[in-house]
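Notes for the one structure printed next.
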Amino acid sequence: MHGVKLARAVTLFGMAGLLFILAGMLHAQAVLGTWQGTLPIAENRRIVLKISKADDGALRGVFYRIDQYADSLPLSSVSFQAPELSVASVIQDSSYRGKLSADGKSIAGIWMQNKQSYPLTFAAATADTLWTYRNGPVMVPMSLTADPAFEVATIKPSPPGAGGRSGSGHTRIFSAKNATVSNLLKIAFQVRDRQVEGAPAWMSEAKFDIEGIPDVPGSPNDDQVRVMLRKLLADRFQLKIHTVKKTFPVYALTIEKDSPEPVKSDPALNRFAGVMTRQTPDGQMLGAFVYMRMPEFADILMNFIPDRQIVDETGLQGQYDINLTVPMSALQSSDDNEKAVAFMEALKPAGFKLVPKQAMLDVIVIDRLEKPSAN
């Protein structure tokens, strides 16, 4: 008799445990999705929050300062213990704690930024209620199967004294101000100066303002921008090239032994690569590299380690989120070696290392290049 009662108790306990687990899963599902709320401040008031679940079950997220810019900002942590939600962004020095309503349609809490706290209530967003970026929809991606070209492109000589080079971010309209053909070619083919031969002098001297609109809907990703630029260079600048192989001293970007693999990016949160930085009071620069493929990551590193090509030998496929911490003193130094050493050290906690070696690289040889045709 006692054995029967014990068995029933165990069964009931097991059912209760199962129901508890299922309830937790349902609560976690309730917080997934897109939320939007308005801060009680004068500027850049609207915030859009997106939360998803990774393959390992962990919650991930990004947020948008939608009145300021269209790019998403990474959340360094997301936790939900029903009904309490807690998120934080180290790179933006922001955080939020709130409570999910009983009907699952709102989250009321406190937003912290710049050491100031503000009441903020998020409402669940739908396709009909989702806010748009002040200059248009937030990052509507172009189809990954698209093979875009510029339907309309204007090329004009930059005015004298125009200042430094500038360009558009992840928007539908491509824009480059005060750019040389050398700048465009290096973006289009992902090469460095050491990989270009036969260029006429004007390629690095003449500067242009360029604007182009794709011939297919959506905002292009980095690969699609490169495709459009290669077509533009061939069509409007009559660019013709061939490639050869040459040996260079390089750094191989590899995975540090016994290090955990970098965090995989979540395409539900972002489809565009980006870099965000923040200087800390103790003299460090925090860098967040989001939705980053290893070749692009290596290319960015070469801006700080210019003496050698950096080639990807990680074997990692797809996109990753990577965080680096570098001393500001090294970034501000005129000594390239000091910068290189600082970044090599910063890569170690992220699971990477740079190995010096020799490697064969593609070199672009320019066979023909003309001043641009009229608009």
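The values are calculated or read from the model by the stated rules, or taken from the named source; none is laboratory data. Remember, predicted model here, so these are calculated numbers, not experimental data. Here Cβ is always computed from backbone atoms with ideal geometry, including for glycine, and neighbour counts include all displayed protein chains.
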Going through the range 259-290 one residue at a time, which ones are assigned to a strand (DSSP E or B) and of a type in the set (Gly, Ala, Ser)? Gly274, Gly287, Ala288
Any residue at all in the range 63-79 that is touching a residue at least 24 places away in the same chain (Cβ under 8 Å) and exposed (fewer than 14 other Cβ atoms within 10 Å of the Cβ)? no
Return yes when Ala268 is surrounded by fewer than 17 Cβ atoms within 10 Å (Cβ to Cβ), more than 22 Å from the chain's Cα centre (by Cα), among the aliphatic types (A, V, I, L, M) and modelled with pLDDT under 90 and no when it is not. no
Out of the residues in the range 323-341 meeting the condition of being surrounded by 12 or more Cβ atoms within 10 Å (Cβ to Cβ) and free of Cβ contacts under 8 Å to residues at least 12 places away in the same chain, tell me which one is nearest to Thr280 (Cα to Cα). Ser333
Quick check on my filter: what residues within the range 83-95 are touching a residue at least 40 places away in the same chain (Cβ under 8 Å) and either within 27 Å of the chain's Cα centre (by Cα) or not assigned by TED's automatic domain parsing to the domain that holds Thr34 (or both)? Leu85, Val90, Ile91, Gln92, Asp93
Need a quick list: strands (runs of 3 or more DSSP E) entirely within the range 152-258 having at least 3 residues that are more than 26 Å from Phe272 (Cα to Cα). 240-255
Report yes if some residue within the range 243-265 is closer than 26 Å to Lys156 by Cβ, touching a helix residue (DSSP H, G or I) at 6+ places or on another chain (Cβ under 6 Å) and outside the structural domain of Ala58 (by TED's automatic domain parsing); otherwise report no. no
Condition check: surrounded by fewer than 17 Cβ atoms within 10 Å (Cβ to Cβ) and either within 30 Å of Glu211 (Cβ to Cβ) or at pLDDT 95 or above (or both). Does Thr243 satisfy that? yes
Any chance you could count how many residues in the range 95-129 are over 15 Å from Arg45 (Cα atoms) and assigned to a loop (DSSP other than H, G, I, E, B)? 11
Check on Thr280, buried (at least 18 other Cβ atoms within 10 Å of the Cβ) and over 30 Å from Pro200 (Cα atoms): no
Candidates Ile305, Ile255 - the one that is over 14 Å from the mean Cα position of the chain (by Cα) and within 17 Å of Lys339 (Cβ to Cβ): Ile305
Checked Leu85, Leu144 against criteria (assigned to a loop (DSSP other than H, G, I, E, B), aliphatic (A, V, I, L, M) and touching a helix residue (DSSP H, G or I) at 6+ places or on another chain (Cβ under 9 Å)); the one match is Leu144
Go through the range 63-82 and give me each residue that's assigned to a strand (DSSP E or B) and either in the same structural domain as Thr280 (by TED's automatic domain parsing) or under 17 Å from Leu39 (Cβ atoms) (or both). Phe63, Tyr64, Arg65, Leu73
